[in-house]
Amino acid sequence: MQDRPFRHLPSRKSRPRSGTLLLALAAAFAVAGTSPGAQDRTPPAQAPVAAASGAAFEVASITQNKSVGQMRNFQALPSGRFTATNMPLRALIRLAYGANTLLLPNVQIVGGPGWIDTDRFDIVAKAAGEVGPDAAGARQQLFVMLRTLLEARFKLKAHTESRELSIFNLVMAKKDGALGPQMTRSTLDCSPGAPDTQGAKRRCGVSSPGPGVVIAGGVPISLLVGFLQLSPDVGRVVRDRTGLTGAFDLRIDYVPPLLLGANPGSVVANPAANTGSGPTLLTALQEQLGLKLEPAKGPVDVLVIDHVEALTPDK
């Protein structure tokens, strides 16, 4: 199953300037921290997932959403607030168990009944106090609290195990290690508190002015890895084997396979995807950035859903 589109809509005040914000998931763009695909972790098989460290919302309400055509979204907001609208349980699990990625790739979730993809839920919750952004620019502790909430209200139990899966290794396309014409080493200072010299800060991070266009300034290769492994064009865990360090400016122009549909929350096939009107993401990656994805096999941490029950109603 491909990643389903929904949007992360932080408030304007909470929106960080760095590229570590999770942009519109409708564009399948993950931008938070180091992705699991950039690590070689092989945990013990059948490792139970630890409870969420006792972190919990002070108040929380979950109700089933039976509306038609409503957009899916979630917000991690100042003052310890979290809201989700029209979200399937699997999408909420991807947030709650995302760890360093902010969003667990679909390929790394195994099991669960069919209704976790079809039934949709609204959440309004608030922590006891302010939950500030972490180094990645996300209010990650709110997602830990979300895990506690799902475990309590859906009786959710899961464990992690390592499975041998098809993956991609991200490598340099040329033997001499040359970057492509649309990727250069960045001279931007995107560190927190750095002075905004001649509008440099406005070029830091990631933007997507339209479908199939990704522009990034002062970003690490891990951000690109996160984007790739959530893209419908890729659909696998991606591991960084480029050897590249530091920050980069880049632009990708490609024809995405999916577009947002006319109905809120829906997606449709892109009619331009099979007409040769532009490169696929994998072709653009090689021609524009000087990188390529090589198929491989490797151990991948997966979250196995052992038990889940229908929603316990609000009391």
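The values are calculated or read from the model by the stated rules, or taken from the named source; none is laboratory data. Values in this document were obtained by computation on a predicted structure and should not be read as measured data. For neighbour counting, all protein chains shown are included, and Cβ atoms are generated from backbone atoms with ideal geometry for every residue, glycine included.
Close Cβ contacts (under 7 Å, 6 or more residues apart or on different chains) running from residues in the range 103-119 that are on the phi > 0 side of the Ramachandran plot to residues that are of a type in the set (Val, Ile, Thr) comprise Gly111/Val304; Gly111/Ile305; Gly112/Ile305; Gly112/Val308.
Within the bounds of the range 132-152, is there any residue that is at pLDDT below 90 and either within 14 Å of Val304 (Cα to Cα) or in contact with a helix residue (DSSP H, G or I) (Cβ under 6 Å, 6 or more places away or on another chain) (or both)?
Going residue by residue through the range 132-152, those that are at pLDDT below 90 are 132-144.
From what is left, the residues that are either within 14 Å of Val304 (Cα to Cα) or in contact with a helix residue (DSSP H, G or I) (Cβ under 6 Å, 6 or more places away or on another chain) (or both) are 134, 143.
Yes.
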